[in-house]
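*Asks:* The structure follows.
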Amino acid sequence: MRIELNHTIVHTRDKQASASFLAGILDRDVAPQWGPFLPLPLDNDVVLEFLEVDWDPAPQHYAFLVSDEVFDAAFARIRESGATYWADPFHHRPGQINHDHGGRGVYFDDPDGHSLELMTAPYGTPPVR
């Protein structure tokens, strides 16, 4: 039997703002609300279920493996949005992207402070510096 991630819950103070922000960057549509969840389906049948909470959510990390074409378009939308972005997860290299693992990557935060990452090559090869 295969084991696959089906969905994960993203705690947020404003599920519409957070889901719409990421959907806009990724050029995806937010699905209709289902119960208390606002779903954002991804191409590999994983769904991010945005759930509004009445506390400050603990920041999580969500990494998205994308094609070069998707990276180019999404990175342009990140810059157009005015969002700060970094080449590293520690936010030490602002305004840069990385070329780790034979691809490109960028980190940026969503409205609730979740760390989002776009990368064109999966981890597993030594970073290229």
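*Asks:* Return only the number of the condition from (1) surrounded by fewer than 16 Cβ atoms within 10 Å (Cβ to Cβ); (2) without any contact (Cβ under 8 Å) to a residue 40 or more places away in the chain that Leu40 does not satisfy.
*Replies:* (1)
For (1) in a strand (DSSP E or B); (2) on the phi > 0 side of the Ramachandran plot; (3) out of contact with any strand residue (DSSP E or B) (no Cβ under 8 Å at 6 or more places or on another chain), each residue gets a yes or a no:
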{"residue": "Glu4", "(1), (2), (3)": "no, no, yes"}
{"residue": "Val10", "(1), (2), (3)": "yes, no, no"}
{"residue": "Ala17", "(1), (2), (3)": "no, no, yes"}
{"residue": "Ala23", "(1), (2), (3)": "no, no, no"}
{"residue": "Ala31", "(1), (2), (3)": "no, no, no"}
{"residue": "Pro39", "(1), (2), (3)": "yes, no, no"}
{"residue": "Asp56", "(1), (2), (3)": "no, no, yes"}
{"residue": "Glu69", "(1), (2), (3)": "no, no, yes"}
{"residue": "Ala74", "(1), (2), (3)": "no, no, no"}
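*Asks:* For segment 89-106, which residues satisfy the criterion of being under 17 Å from Val66 (Cα atoms) and among the charged types (D, E, K, R)?
*Replies:* The answer is Asp100, Arg104.
*Asks:* May I ask you to list the residues in segment 95-114 that are over 25 Å from Leu48 (Cα atoms), outside any loop (DSSP other than H, G, I, E, B) and out of contact with any Gly (no Cβ under 8 Å at 6 or more places or on another chain)? Write out each step before concluding.
*Replies:* Looking only at segment 95-114, we keep the residues that are over 25 Å from Leu48 (Cα atoms), and these are 95-96, 98-102.
This time we only want the ones that are outside any loop (DSSP other than H, G, I, E, B), so: 98, 100-102.
The answer is Asp100, Gly102.
*Asks:* Kindly evaluate Pro94 against the criterion of being over 17 Å from Leu118 (Cα atoms), exposed (fewer than 14 other Cβ atoms within 10 Å of the Cβ), free of Cβ contacts under 8 Å to residues at least 40 places away in the same chain and touching a strand residue (DSSP E or B) at 6+ places or on another chain (Cβ under 9 Å).
*Replies:* On the way: over 17 Å from Leu118 (Cα atoms): no; exposed (fewer than 14 other Cβ atoms within 10 Å of the Cβ): yes; free of Cβ contacts under 8 Å to residues at least 40 places away in the same chain: yes; touching a strand residue (DSSP E or B) at 6+ places or on another chain (Cβ under 9 Å): yes.
Judged against the criteria, Pro94 is not a match.
Computed from the coordinates by the stated procedures, all read-outs in this text should not be read as laboratory data. Computed from a predicted structure; not experimentally measured. Ideal geometry is used to build each Cβ from the backbone, glycine not excepted, and the neighbour counts take in all protein chains shown.
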